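We did not get these values from a lab; they are worked out from the coordinates using the rules stated. Note that the coordinates shown come from a computational prediction; the quantities given were computed from them, not determined experimentally. Don't worry about glycine lacking a Cβ; one is built from the backbone with ideal geometry, like all the others, and counts go over all protein chains shown.
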Amino acid sequence: MSVPRVRFAPSPTGDLHVGGVRSALFNWLHARHTGGVFVLRVEDTDRARSTDEATNIILEGMAWIGMEPDEGPFFQSRRGDLYRARVQELLAAGGAYRCWCTKETIAEKRTAAEKTGTLFRYDRICRGRTEGPSPDAPFVLRAALPEEGEVVIEDVVKGRVVIRNDHLDDFILARADGSPVYNFTVVVDDIDMGITHVIRGDDHLNNTPKQMHLYRLLGAEPPVFAHLPMVHGPDGKKLGKRHGAASILQFRELGFLPDVMRGFLARLGWSHGDQEEFTTDELIQLFDLTGVRGSAAVFDHTKLEWLNGRRIREMAPMELLDLAQPFLERAGIPTDAAWLPRAVVAVQERAKTLVEIAEKLTMFVDRGPVTFDEKAQTKFLTDDSKPRLAALADALAAVETFTAPEVEAATSRFLEERELKMKHIGQPTRVALTGGTVSPSIYDVMEIFGREVTLDRLRSAAGD
Ligand code: GLU
């Protein structure tokens, strides 16, 4: 058996969507699992819609998820000579023919067919012709498909798919300006690159019968096909902007971790028994195309957040800080601040994303007077609580080492002595220290701020 060769073949015409990355991932996993080769081919023949920016997005998105191609990127726009040569060979061998029918004639025939309610198919009128109406009349090139019989696709995911040839058209291979179309370039390239398995979204399933014919016309064995189910949102509609983030780099911007994303995407349509989560090594070891389901996969954003949050909680604080670096910079947090390693431990418990880590850390940057949330101030900094805050400040001033356990012990003694409960000072202290009602544990906050800032803030909230 030859080494499996797979490819990811995106068109660089916009964002790289989750569905596309999932296709790339399944190809990559198949290659890694089988010791095969993963090829990246950028399908940029549509020059009007393809952009360098979109190509960069593809490369960046793949690198972020950790899928470097073994070969490529190859660009279809640089492979015109190959397509021209193949089309000439096909023409010479009778697998393709020139068609001089004008767009207008075709449109008229289409309208007439639609009127009678029949499916329009090109009537192959040029198939027997060797000459056009005039020597310089423009022509397209069409594939000469068999008129009878059927194409059978043994799809790994969808099972056996049978299409009658009389339902297929002698489709166009190259336009009047000589430019080849997708169905042609994709087959030429897959043959040229020795692709053994075509793993792609099932939105391409309707192209596959045409492509099967092209393999035959070009004298090659078709590869194994595996058409992946679409990715849907929880409402059962194709995943898109309406569901929030849908492009892979958005997830990076939102602060998801690449390995969480990778494990999550792998589960979109693929499963291995009941196992819910996989490390990358496990994915590589266990991934098998036979584990891909045929029905649509649902992208559950809440679950992704949950998984990401759990991964953040499990992470070593320094590793987390390292990953969060760009997010901290963006939030204006000095990444060399001495308090950061301590503070990250305090916030990692409740953050679901790296963006949230940065958000939660911002409260520790400014050590000057607090800006109070008005509601919180009114509710918690009252005539009752203010004197308690001042007294608490005095009690804490005597703490020897200003660590969370020490200030916690001192606070408990303070409450006991005064026969107070935590509810009497908990939120007022939080508001005094942070300006608001949400923060990590107040003892963590005190340790991170240190004695001076803590006492200052308690006292100034108390009105001292
Ligand atoms: N370039 C095609 C697309 O972006 C994919 C081609 C294929 O996988 O066969 O949809």
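Numbers below:
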read-out: All positions within segment 103-152 that are hydrophobic (A, V, I, L, M, F, W, C) and free of Cβ contacts under 8 Å to residues at least 40 places away in the same chain; value: Ile106, Ala107, Ala112, Ala113, Phe120, Ile125, Cys126, Ala137, Val152
read-out: Residue match in segment 78-99 (condition: under 20 Å from Thr13 (Cα atoms) and either over 35 Å from the mean Cα position of the chain (by Cα) or not in a loop (DSSP other than H, G, I, E, B) (or both)); value: yes
read-out: Segment 22-49 - residue that is among the aliphatic types (A, V, I, L, M) and away from the ligand (no atom under 12 Å from the Cβ) and, of those, farthest from Phe184 (Cα to Cα); value: Leu29
read-out: Residue check, Leu214 surrounded by 17 or more Cβ atoms within 10 Å (Cβ to Cβ), touching a helix residue (DSSP H, G or I) at 6+ places or on another chain (Cβ under 7 Å) and not hydroxyl-bearing (Ser, Thr, Tyr); value: yes
read-out: Per-region count, segment 263-284, residues in a helix (DSSP H, G or I) and either surrounded by 14 or more Cβ atoms within 10 Å (Cβ to Cβ) or among the hydroxyl-bearing types (Ser, Thr, Tyr) (or both); value: 8
read-out: Residue ranges of strands (runs of 3 or more DSSP E) in segment 147-235 with at least 2 members of a type in the set (D, E, K, R) and more than 12 Å from the ligand (Cβ to nearest atom); value: 150-155, 159-164
read-out: Checklist (1) within 16 Å of the ligand (Cβ to nearest atom); (2) within 16 Å of the chain's Cα centre (by Cα) applied to Glu68, failing item; value: (1)
read-out: Considering residues of segment 1-11 that are surrounded by 24 or more Cβ atoms within 10 Å (Cβ to Cβ) and within 21 Å of Lys238 (Cβ to Cβ) only, the residue farthest from the ligand (Cβ to nearest atom); value: Phe8
read-out: Hits in segment 50-62 (condition: in a loop (DSSP other than H, G, I, E, B) and within 11 Å of the ligand (Cβ to nearest atom)); value: Ser50
read-out: Test: residue in segment 200-212 that is free of Cβ contacts under 8 Å to residues at least 24 places away in the same chain and more than 26 Å from Gly14 (Cβ to Cβ); value: no
read-out: Matching residues in segment 208-226 - criterion: being of a type outside the set (Asp, Glu) and under 20 Å from Leu289 (Cβ atoms); value: Thr208, Gln211, Met212, Tyr215, Pro222, Pro223, Val224, Phe225, Ala226
